[in-house]
Ligand SMILES: [Fe+2]
Ligand SMILES: [Fe+2]
């Protein structure tokens, strides 16, 4: 096998992490739609698709090395969403955890002199910088614009614009 068992296990875990992220964003999109945040709903739906693409990237990498990938079970997201701001806070926390998980695989790959995995994961490092920055910027909007109904409507419009950008 072209990569170690250790790295393979971490990559399989990462497939699960990306799948769960996609599933979580899909839930948030649905919650936003039902609560009248149409812009946020499209934004999170696109984000869900992006996370699925991340999962597929890892599967493709393993396939290129002629290694079977394990498709994990996904977790049911907690159904206790209370506000758009809370959804964005949880998203940022999750993205930070994803960044840590990527760092862990890179650390292991570097220790094992696994240059190809190290190189493959570089894309994910850039992506995570963007993802954290994105949710930090959105959360900042609540401080700048406010949290009353009109302010949240404005933020929903901003998310609508962002959803066109990323798609
Ligand atoms: Fe991701
Ligand atoms: Fe992400």
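Throughout, read-outs are computed from the coordinates displayed, never taken from laboratory work. Everything numeric in this text was worked out from a predicted model, so none of it was measured. Neighbour counts run over all protein chains shown; Cβ positions are idealised from the backbone, glycine included.
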Legend entry - Taking the chain and dividing mean pair separation by its residue count, relative contact order in percent (alpha carbons under 8 Å, at least six apart): 31 percent
Inset, instruction - Kindly provide the helix-only [θ] at 222 nm of the chain, computed as the sum of -39,500 (n - 2.57) over DSSP H runs of four or more divided by all residues, to the nearest 500 deg cm²/dmol? - result: -28500 deg cm²/dmol
Inset, instruction - Using R₀ = 22 Å, calculate the FRET efficiency as 1/(1 + (r/R₀)^6) where r is the Cβ-Cβ separation of residue 33 and residue 123; round to 0.05. - result: 0.10
Inset, instruction - Order by neighbour count: 33, 165, fewest other Cβ atoms within 10 Å first, most last. - result: 165, 33
Legend entry - Semi-axes of the equivalent ellipsoid for the stretch 5-166, Cα gyration tensor, largest first, Å: 32, 16, 13
Inset, instruction - Return the whole-Å distance between the Cα centroid of the stretch 1-69 and the Cα centroid of the stretch 94-140. - result: 14 Å
Legend entry - Cα principal axis extents for the stretch 96-167, largest first, Å: 54, 23, 12
Legend entry - Fully extended contour minus Cα-Cα distance, from residue 143 to residue 161, at 0.36 nm per residue: 4.6 nm
Inset, instruction - Could you state the angle between the C-alpha long axis of helix 115-145 and the longest principal axis of the C-alpha atoms of the chain, as a value from 0 to 90 degrees rounded to the nearest 10? - result: 10 degrees
Inset, instruction - Rank 126, 47, 12 by mean-square fluctuation in a GNM of the chain with C-alpha springs under 10 angstrom and give only the top-ranked residue. - result: 126
Inset, instruction - Mind checking the full-extension length gain between residue 50 and residue 9? Use 0.36 nm per residue of separation minus the Cα-Cα distance, one decimal, nm. - result: 12.5 nm
Inset, instruction - Mind giving me the nanometre distance, one decimal, between the label points for residue 74 and residue 112, set 7 Å out from Cα along Cα→Cβ? - result: 2.7 nm
